[in-house]
1. In segment 133-151, is there at least one residue being open to solvent by less than 60 Å² (accessible area, probe 1.4 Å), part of a helix (DSSP H, G or I) and either modelled with pLDDT of 95 or more or touching a Ser or Thr at 6+ places or on another chain (Cβ under 9 Å) (or both)?
2. Would you pick out the residues in segment 97-112 that are open to solvent by less than 10 Å² (accessible area, probe 1.4 Å) and either part of a loop (DSSP other than H, G, I, E, B) or small (Gly, Ala, Ser) (or both)?
3. When the residues of segment 119-132 are filtered to those that are open to solvent by 70 Å² or more (accessible area, probe 1.4 Å) and either part of a helix (DSSP H, G or I) or in contact with a His (Cβ under 9 Å, 6 or more places away or on another chain) (or both), which remaining residue is farthest from Leu36 (Cα to Cα)?
4. List, please: which pairs have Cβ atoms under 6 Å, are six or more places apart or on different chains, and start with a residue in segment 33-49 that is closer than 14 Å to Met140 by Cα and end with one that is open to solvent by less than 50 Å² (accessible area, probe 1.4 Å) and not hydroxyl-bearing (Ser, Thr, Tyr)?
5. Which pairs have Cβ atoms under 6 Å, sit 6 or more apart or on different chains, and link a residue in segment 166-183 that is more than 17 Å from Ser10 (Cβ to Cβ) and open to solvent by 30 Å² or more (accessible area, probe 1.4 Å) to one that is assigned to a helix (DSSP H, G or I) and of a type in the set (Ser, Thr, Tyr)?
6. Can you spot a residue in segment 14-24 that is under 28 Å from Leu141 (Cα atoms), out of contact with any strand residue (DSSP E or B) (no Cβ under 6 Å at 6 or more places or on another chain) and of a type outside the set (S, T, N, Q)?
7. Kindly establish whether Leu126 is among the hydrophobic types (A, V, I, L, M, F, W, C) and without any contact (Cβ under 8 Å) to a residue 60 or more places away in the chain.
8. Can you pull out every residue in segment 8-22 that is under 23 Å from the mean Cα position of the chain (by Cα) and free of Cβ contacts under 8 Å to residues at least 40 places away in the same chain?
Amino acid sequence: MTFDLAFALSIVPPIARALTTTLAVTLLSCVFAALLGFGLEITRRSSKPMRYAMRFVIDFIRSTPVLVQLYFLYYVLPVYGIKLPALVVGVAALSLYYCGYLAEVFKAGIDGIPKGQFEAAKALGLNRTKTVLLVIAPQMLRNIAAPMGNYFISIFKSTPYLAVIAVPESFGSALDIASDTFRYGEPMAVVGALFLAIAVTLSFLIRKFEAHLALSAQR
């Protein structure tokens, strides 16, 4: 079966429309993963018992395949009376999985801040919340812009996993077209090209943002 360019072009609109869901899931997952990861890292630094507890939580999250987490949330939780919409499960699974990795990124970013900054904040009488928001977070962002951006792109590239629970994202739309027409080459090529274009664009924007942060730090 040869590649049909006309057919490939005809299926671009429905697959592209599903990108709305893909990008929405990506954005929400990035926000929640970053917030959860930052929360895990700050909690890990609060006391020695919490350090061990959060270490276990982070290692557990990172050591469990994302598909296992996805299936657990979608198929196991309803057994115990907790039934969530597929879209919510998808965002929750990606957020939980990547928050463990982002927690390690935040750890490296915080460790890269000179200890004098913490001592200065304490000398100024700043409480823990103000120290985190006004001293740690801005400097940490400059240290972690590149790795955090890479994980955000990984979240985007992980959205096809959501097709297994019938979330109407781009890859799922391509699979539906392929199963209806028995042509897999064109749908996979179209969805692959769309993902490539968006991933390359995101990589470019992240590099520009990183360069902007570096320039602002020199001023």
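The values are calculated or read from the model by the stated rules, or taken from the named source; none is laboratory data. Computed from a prediction, not measured in an experiment: that's the story for all the values here. Virtual Cβ from ideal backbone geometry, glycine too; neighbours counted across all protein chains shown. Heavy atoms of the whole protein, side chains included, go into the accessibility calculation; ligands, DNA and RNA do not. Shrake-Rupley method; radii C 1.70, N 1.55, O 1.52, S 1.80 Å.
1. yes
2. Matches in segment 97-112: Gly100, Ala103, Gly109.
3. Across segment 119-132, the extreme among qualifying residues is Ala123.
4. Within 6 Å, the pairs are Ala34/Leu102; Gly37/Cys99; Gly37/Leu102; Gly37/Ala103; Gly37/Phe106; Phe38/Phe106; Glu41/Ala103; Glu41/Phe106.
5. Pairs that qualify, where the first residue is more than 17 Å from Ser10 (Cβ to Cβ) and open to solvent by 30 Å² or more (accessible area, probe 1.4 Å) and the partner is assigned to a helix (DSSP H, G or I) and of a type in the set (Ser, Thr, Tyr), are Pro168/Thr21.
6. Yes.
7. Criteria met by Leu126.
8. Scanning segment 8-22 gives a single hit, Thr20.
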